[in-house]
């Protein structure tokens with residue numbers, strides 16, 4: 001009389017999924033992915049569809065690309081985003097922000113399809129260059145020419161542009177505002193509000209790009225997400 005030992009793979013998919021959900025994301029891809037097409041499909045099926053913005057916020061803060069006190073905005077602001085499964089906190093995704101001058105090395109480490117997705121959803125801002133300090137309301141343009149910055153404010157923030165035009169002896173952006181300078185108080189507040197709104201806009205842009213990247217990577221059924229653990 002022969003005895004048959006039931007293997008995990010012989011269990012109904014519903015039971016296998018229940019078991020897998022007790023394991024971490026890292027364990028899914030480390031232990032089961034690429035065993036066969038069946039497990040590839042199961043793992044991709046239970047991989048979360050949406051990103052966790054809580055962890056993304058943490059990585060944004062750690063990266064420093066959205067700086068709270070001193071902000072540099074310029075048309076060269078460009079970052080590529082690379083997600084990877086954390087080994088230590090294995091149910092979360094870490095997001096790396098890669099500058100253009102450092103992205104070339106990733107072409108050698110990542111699957112070509114993955115790199116294409118990362119390139120397609122890069123984070124880029126079209127805001128001109130200037131710096132604002134919340135603490136002292138100190139302002140100056142990175143560029144020598146303030147006219148481009150004023151035009152950008154006029155097109156994107158018309159109400160704040162009218163404030164800038166209406167206050168101050170020169171009726172436009174001063175080159176510098178110190179915290180002792182009370183005559184530009186309204187302009188200071190207008191710039192601080194633009195700073196706040198641009199931060200929200202940029203964070204929203206990062207959220208959207210991250211979700212697009214994650215959705216497309218999740219759709220690559222033969223790509224192990226642990227392959228995204230690249231050398232930094």
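The values are calculated or read from the model by the stated rules, or taken from the named source; none is laboratory data. Just so we're clear, the structure is a prediction, and the values are computed from it rather than from any experiment. Cβ: placed from backbone, ideal geometry, glycine included. Neighbour counts: every protein chain shown.
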Name the single residue, out of those in the range 144-173 being assigned to a loop (DSSP other than H, G, I, E, B) and out of contact with any helix residue (DSSP H, G or I) (no Cβ under 7 Å at 6 or more places or on another chain), that is modelled with the lowest pLDDT. 144
Does the range 123-142 contain at least one residue that is surrounded by fewer than 16 Cβ atoms within 10 Å (Cβ to Cβ) and at pLDDT 85 or above? no
Within the range 174-188, residues modelled with pLDDT of 80 or more and over 17 Å from residue 150 (Cα atoms) come out as 185
Okay, helices (runs of 4 or more DSSP H) sitting entirely in the range 1-68 with 2 or more residues that are closer than 19 Å to residue 86 by Cβ, I get 37-46, 53-63
Selected residue (only one of 62, 94 is touching a strand residue (DSSP E or B) at 6+ places or on another chain (Cβ under 6 Å) and either closer than 29 Å to residue 194 by Cβ or at pLDDT 70 or above (or both)): 94
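Residues checked against (1) surrounded by 15 or more Cβ atoms within 10 Å (Cβ to Cβ); (2) in the same structural domain as residue 155 (by TED's automatic domain parsing); (3) within 11 Å of residue 163 (Cβ to Cβ); (4) touching a helix residue (DSSP H, G or I) at 6+ places or on another chain (Cβ under 9 Å):
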site: 186; (1), (2), (3), (4): no, yes, yes, yes
site: 194; (1), (2), (3), (4): yes, yes, yes, yes
site: 198; (1), (2), (3), (4): yes, yes, no, yes
site: 205; (1), (2), (3), (4): no, yes, no, no
